[in-house]
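For reference, the structure is listed below as structure tokens.
FYI, it's all coordinate maths here, none of it is from the lab. As the structure is a computational prediction, the values presented were derived from the model and not from experiment. Here the Cβ positions follow ideal geometry from the backbone for every residue, glycine too, while neighbour counts run over all protein chains shown.
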Amino acid sequence: MHGDGRLEDALIRDLPRYLSRGDVMVFNDTRVIPSALKGVRLARNEKGSDVSVDANLVERMSAETWRALARPGKRLNEGDTIVFGEGFEATVLERLPSGEKLLQFDRGGSELDQALDQFGAMPLPPYIARRRAADATDRQSYQTAFAGDDAQSVAAPTAGLHFTPRLLSEIDEAGIVREQVRLHVGLGTFAPLKDEHLESGRLHEEWRRVSPESAERINNVRRSGHRCVAVGTTALRTLESAATLAKVVEPVTGPTDIFLRPGYEFRATDALVTNFHLPKSSLFMLVCALIGTDIMQAAYAHAIRENYRFYSYGDACLLLP
């Protein structure tokens, strides 16, 4: 979709013809951790019974501890032990005010990562997980082809799922530059907006990184008059959180809680590849900020009429303000 309101139907393989030699595409190379766990809360006494537990890890708090969504939450108390696999268990340290649980695992660091890889499943979005359990194919299909070696995300940067090795090769052949940044995606990215977000102008925190080398190359591309195209809203938020008022991308490592909504003046992003998002979400507000609310509403109406697929495993759109 174009900034003048024009809408075009195309395939993802057509993407290179909408860009120019010398443009830069910026990808989020985070890796999704198999953070969906099934386990058993052990009986508290001889008269009690074991309880089946579903847990989705949300945020790593230390080498051994994670915040988690766990069901049935009312049957999990501080001090309870949950066994997730042979020799792999966690203790409920705290019931958090948000309803989440703080879990302390029996190991940390790389040993915990290995156990999650063995016993965990990919954290499919709820609207998929309600229909079917994650399987072995999701290990590949819910992971980008360019994911790095740092598995910390609990959701995929889904715009990147469209980019096959063949498409990436065609992008290279078209003379389009590729750069990578990293933002570890949390479930808060997809959570409904609350009044407190609108009042504060801030969202949940997520860790991100832009290396000095990537920042320099992105700045050089834009100084030469070419466009910076973010692949996904996570890459875009990473870029914008690292950009100065002078529209220069600076190296950065650490958390960001940036909230982009209509009225924001973009400093580093000239175009965006993104999936279709939920209404009344921070992600929909972001795309409206980039190309205009009227255009996005028209584009979504068109996508519905043409039976486009929405959300994580859905179709993508290219926003060219």
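If you check 59, 100, 64, which single one turns out to be closer than 30 Å to residue 269 by Cα, among the charged types (D, E, K, R), under 24 Å from the mean Cα position of the chain (by Cα) and surrounded by 16 or more Cβ atoms within 10 Å (Cβ to Cβ)?
Being closer than 30 Å to residue 269 by Cα, among the charged types (D, E, K, R), under 24 Å from the mean Cα position of the chain (by Cα) and surrounded by 16 or more Cβ atoms within 10 Å (Cβ to Cβ) holds for just one of 59, 100, 64, which is 59.
Scan segment 64-87 for residues that are in contact with a strand residue (DSSP E or B) (Cβ under 9 Å, 6 or more places away or on another chain) and over 21 Å from residue 133 (Cα atoms) and report the count.
Adding up the residues that qualify gives 11.
Determine, yes or no, whether residue 271 is closer than 14 Å to residue 159 by Cα and under 21 Å from the mean Cα position of the chain (by Cα).
Criteria met by residue 271.
So which residues in segment 273-312 are touching a Gly at 6+ places or on another chain (Cβ under 8 Å) and assigned to a helix (DSSP H, G or I)?
Within segment 273-312, 289, 291, 294, 295, 298 qualify.
Let me spell it out: the conditions are (1) outside any helix (DSSP H, G or I); (2) under 21 Å from residue 208 (Cα atoms), and residue 262 meets all of them except one. Which number is the exception?
Among (1) outside any helix (DSSP H, G or I); (2) under 21 Å from residue 208 (Cα atoms), residue 262 violates only (2).
Within segment 59-81, work out how many residues are in contact (Cβ under 8 Å) with a residue 12 or more places away in the chain and either touching a Ser or Thr at 6+ places or on another chain (Cβ under 8 Å) or of a type outside the set (A, V, I, L, M) (or both).
Summing the residues that are in contact (Cβ under 8 Å) with a residue 12 or more places away in the chain and either touching a Ser or Thr at 6+ places or on another chain (Cβ under 8 Å) or of a type outside the set (A, V, I, L, M) (or both) in segment 59-81 gives 16.
Go through 43, 10 for me and flag whichever is among the small types (Gly, Ala, Ser), in contact with a helix residue (DSSP H, G or I) (Cβ under 8 Å, 6 or more places away or on another chain) and either in a helix (DSSP H, G or I) or surrounded by fewer than 22 Cβ atoms within 10 Å (Cβ to Cβ) (or both).
One residue alone meets the criteria, 10.
Given the conditions (1) over 20 Å from residue 121 (Cα atoms); (2) touching a residue at least 24 places away in the same chain (Cβ under 8 Å); (3) surrounded by fewer than 18 Cβ atoms within 10 Å (Cβ to Cβ), report the number of the one that residue 48 does not fulfil.
(2)
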